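The values are calculated or read from the model by the stated rules, or taken from the named source; none is laboratory data. All figures in this text were calculated on a predicted structure; none of them were measured in a lab. FYI the Cβ positions are ideal-geometry reconstructions off the backbone, even for glycines, and counts take in every protein chain you see.
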Amino acid sequence: MFGAMTYSKYLILIRFAVAIFFAAVTFASFAGIAAAKDPAVTGVRLGVNNGKTRVVLDLTKAVPYSAFLLENPYRLVIDLPELDWGVNGDTGAAARGVVEGMRYGLFRAGNSRVVVDLKGPVRIVAHSALGKPERLMFDLLPLPKSKYKKGQAVALNNWKPPTGKAIPMPQAKPKGDRRRVVVIDAGHGGVDPGAVRGKTYEKRITMAVALEVKRQLDASKRYRVVLTRNRDIFLELRDRVKLAQDSEGDIFISLHADTHPKRATRGASIYTLSERASDKEAARLAKKENASDIVGGLDLSPYSKEVTGFLLDLTRRRTMEESSVFANMMIAQFRKKKINMQPYKTHRFAGFAVLKAPDVPSVLVELGYLSNKTDKKMLLSKNFRKKVGRAILTALDDFFKHIDDLAAR
């Protein structure tokens, strides 16, 4: 029956084949597990039917959610578990029905968020998780203000997002470490993209520049660097300030790259804190930057007194004076490093919430404008980031020498 092959040899061959089969199955199983990805959003769609606007999130896997409405301005906020984003991270241009635009990204560890900007008051009239393919759906019905009910919230199976702050805990300064602490703040992040032009995001530019500045300061071994964020995550303005204080920061540098209504406007400028804005441009930028918490989907009504009256806490005029000294030193170094500066009013001032720490000298650096083609190309270049790092390092050396010289008198 088996020809020249003996039964024992045939049995060995069968066992070998079975072993290979199970090994292949096991490998395929582990490979499948290894290849499995976290849930991801692959698309965000809008539709209008019978006066209702439908918001749809396309997913690779089913996930729970919770959602709620906010006013001043009107927004729909959708909280989800931490997700990957298979889309580009921003749909600010999307506008249909009651929706003016939307943004999405990481809100805090374990919690992704979608913020939908609305043209006016609405009610969530339907919501559900649908399968085959997986997606989430929210139907919004516009309402007159008189019928709007504050605080409407919905959820799938009573799911709630994780609580707690995204802010990292500052590490205690080692005993005997006499290095100055420099806090570098990469503006925006996560669900707050900042300025957007095409596929270019302010939050990514500021993160790249912050990492390069940190690299150069670390290499000098003269400074201990603290980053307010080291990944694409949302941080409240007050948490950025708190981190600077808790880290015993000697100086705070917030990095930004805005847009401007006039495309011809370009060049860097440095801002410091003041109760009154130096000019309309400074006032415009401060108003925009102070709205970052609103962009992230926060309800600021409990903090209204804090936000409007924070300058009353600034009892230490010396901090503001030191901030101005450092700003002028940075301007000098930017020019020496041939970083293009705005021709007029290079040092501006206004009521920036992120600069309000009363005991930490603070500046906001506007690196350039994404709305200008030349600036945009420059902001994306490695060479530019290196020049900014060198300029900030030299300015810090000059500033702290100045502070030490004053103390020695």
Top-ranked residue in segment 86-104 [being part of a strand (DSSP E or B) and under 16 Å from residue 200 (Cβ atoms); ranked as modelled with the highest pLDDT]:
103
Looking at residue 187 and the list (1) small (Gly, Ala, Ser); (2) touching a Ser or Thr at 6+ places or on another chain (Cβ under 7 Å); (3) without any contact (Cβ under 8 Å) to a residue 40 or more places away in the chain, which single condition is not satisfied?
(3)
Mind checking which pairs have a first residue in segment 143-164 that is touching a residue at least 24 places away in the same chain (Cβ under 8 Å) and within 30 Å of residue 82 (Cβ to Cβ) and a second that is surrounded by 10 or more Cβ atoms within 10 Å (Cβ to Cβ) and among the β-branched types (Val, Ile, Thr), Cβ under 7 Å, 6 or more apart or different chains?
152/124; 154/124
Looking at 278, 301, 269, which is the one that is small (Gly, Ala, Ser) and either modelled with pLDDT of 85 or more or not assigned by TED's automatic domain parsing to the domain that holds residue 401 (or both)?
269
So which residues in segment 121-132 are touching a residue at least 40 places away in the same chain (Cβ under 8 Å) and closer than 9 Å to residue 62 by Cα?
129, 131
So in segment 141-155, with the set limited to residues that are within 27 Å of the chain's Cα centre (by Cα) and at pLDDT 90 or above, which one is farthest from residue 69 (Cα to Cα)?
155
Per the filter on segment 245-267, residues within 30 Å of residue 175 (Cβ to Cβ), within 20 Å of the chain's Cα centre (by Cα) and of a type outside the set (S, T, N, Q) are 252, 253
At pLDDT 95 or above and closer than 17 Å to residue 105 by Cα - does that describe any residue in segment 213-234?
no
When you scan segment 258-298, how many residues do you find that are closer than 30 Å to residue 78 by Cβ and among the hydroxyl-bearing types (Ser, Thr, Tyr)?
2
Taking residue 79 as the residue in question, decide whether it is buried (at least 20 other Cβ atoms within 10 Å of the Cβ), modelled with pLDDT under 90 and assigned by TED's automatic domain parsing to the domain that holds residue 129.
no
So which helices (runs of 4 or more DSSP H) are wholly in segment 313-409 and hold at least 3 residues that are surrounded by 20 or more Cβ atoms within 10 Å (Cβ to Cβ) and not charged (D, E, K, R)?
317-336, 382-408
Give the residues of segment 311-336 that are modelled with pLDDT under 95 and either of a type in the set (Lys, Arg) or touching a Gly at 6+ places or on another chain (Cβ under 8 Å) (or both), sorted by residue number.
311, 316, 317, 318
So, of the residues in segment 208-235 that are under 17 Å from the mean Cα position of the chain (by Cα), surrounded by 21 or more Cβ atoms within 10 Å (Cβ to Cβ) and not β-branched (Val, Ile, Thr), which turns out to be nearest to residue 372 (Cα to Cα)?
210
Could you list all residues from segment 271-291 that are surrounded by fewer than 22 Cβ atoms within 10 Å (Cβ to Cβ) and under 15 Å from residue 185 (Cβ atoms)?
290
